[in-house]
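Each remark here refers to the structure printed beneath this line.
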Amino acid sequence: MGTAPLATGFEGVTLYPGYLDGAAQADLLAELAQAGVFAQAYRPTMPRTGKPWSITQFNLGPLGWVSDISGYRYEAQNPHSGTPWPAMPDMMRRLWDELSDFPAPAECCLVNLYTDPKARMGLHQDRDEAALEAPVLSLSLGDTCVFRVGGFARGDKSSSFRLASGDVLLLGGASRLRFHGVDRVIAGSSQLIRGGGRLNLTLRRVTKPDATP
Ligand code: MD3
Ligand code: FE
């Protein structure tokens with residue numbers, strides 16, 4: 001496990017192409033299925049309008065990121081089942097320890113499921129975490145996507161690159177608040193997931209680590 005990092009042209013945005021090999025990708029996928037990710041993924045809705053997203057979502061770990069008509073927030077329980085989120089997979093914990101350079105564990109593993117071939121994610125910022133000094137770590141599985149990174153205002157110029165199965169993207173430092181999104185998924189570009197589609201797992205530190213020793 002582990003490939004050399006590649007600069008992306010954005011300070012604080014580092015790509016590790018093929019960081020997980022095929023066997024590790026398959027193991028992780030099986031673990032996600034075991035945890036109920038595919039069976040229990042739900043379709044979030046937009047704050048205020050209640051418009052459904054084109055992706056579905058699920059969470060693993062102590063906190064889950066939730067979007068519905070009343071807003072975006074982190075929750076310790078799945079609002080659809082009223083039960084705690086399943087445990088964070090060991091492989092994701094290991095990735096965070098190897099790559100984040102952050103002194104406290106990740107608290108949320110958000111799983112985005114791009115199952116519909118038209119699924120996408122509009123440009124947005126990740127700013128619901130109190131610990132904005134912590135990086136976000138993203139792992140892609142399945143079909144390749146065209147990922148877009150912009151500036152710090154919605155209209156700033158942006159550029160796109162591809163994220164393939166097994167790629168890890170680390171977003172931190174000066175780039176933590178850049179706008180970003182997923183333009184589209186390239187159908188048929190991977191055989192990992194039966195029936196096709198893409199999964200993205202993002203690891204986040206949500207709360208500020210306790211400063212007392
Ligand atoms: C660049 N997910 O869940 S993660 C998200 O592929 C999200 O599903 C995308 O954006 C996906 O919020 C991409 C990669 C990511 C995360 C945070 C960033 C890229 C970022 C913060 C700054 C710049
Ligand atoms: Fe994001």
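Only the coordinates and a few stated rules stand behind these numbers; no lab work does. The structure presented is a predicted model; accordingly, all values stated were derived computationally and were not measured. All Cβ positions, glycine included, derive from the backbone under ideal geometry; neighbour counts span all protein chains shown.
Can you return the lysines within cross-link range of K118? Criterion is Cα-Cα under 22 Å, with same-chain partners fewer than 8 residues away left out.
K51
Can you work out the FRET efficiency for the pair T49 and A4, with r the C-beta to C-beta distance and R0 = 35 Å, to the nearest 0.05?
Computed FRET efficiency for T49 and A4: 0.20.
Among all stretches of the chain without exposed trypsin sites (Lys or Arg not before Pro) (DSSP loop, at most 10 other Cβ atoms within 10 Å), which one is longest?
Longest gap between qualifying sites, sites excluded: 49-117.
Which three extents, in angstrom, do the Cα atoms of the range 1-92 have along their principal axes, listed largest first?
If we take the Cα atoms of the range 1-92, the spans are 41, 34, 23 Å.
Please give the net charge around V146, taking every other residue with its beta carbon less than 14 angstrom from that of V146, where Lys and Arg add +1 and Asp and Glu add -1.
That sum, taken over residues with Cβ under 14 Å, equals +3.
What FRET efficiency, computed as 1/(1 + (r/R0)^6) with R0 = 45 Å and r the Cβ-Cβ distance, is obtained for Y42 and T212, rounded to the nearest 0.05?
With a Förster radius of 45 Å, E is 0.75.
Give me the log10 of I(q) over I(0) for the range 34-157 at q = 0.14 Å⁻¹, as the Debye formula computes it from C-alpha points; what are the numbers?
-0.69
In the neighborhood of D68, defined by Cβ-to-Cβ distances under 12 Å, what is the net charge if each Lys or Arg adds +1 and each Asp or Glu adds -1?
+3
Report the far tail of the P(r) of the chain, meaning the percent of Cα-Cα pairs longer than 32 Å.
9 percent
If one computes P(r) from the Cα atoms of the range 129-213, what percent of pairs lie at distances over 23 Å?
Here the long-distance tail beyond 23 Å is 33 percent of all Cα pairs in the range 129-213.
About the Cα centre, and with charges only on the beta carbon of Lys, Arg (+1) and Asp, Glu (-1), how big is the dipole of the chain? Nearest 20 debye, please.
840 debye
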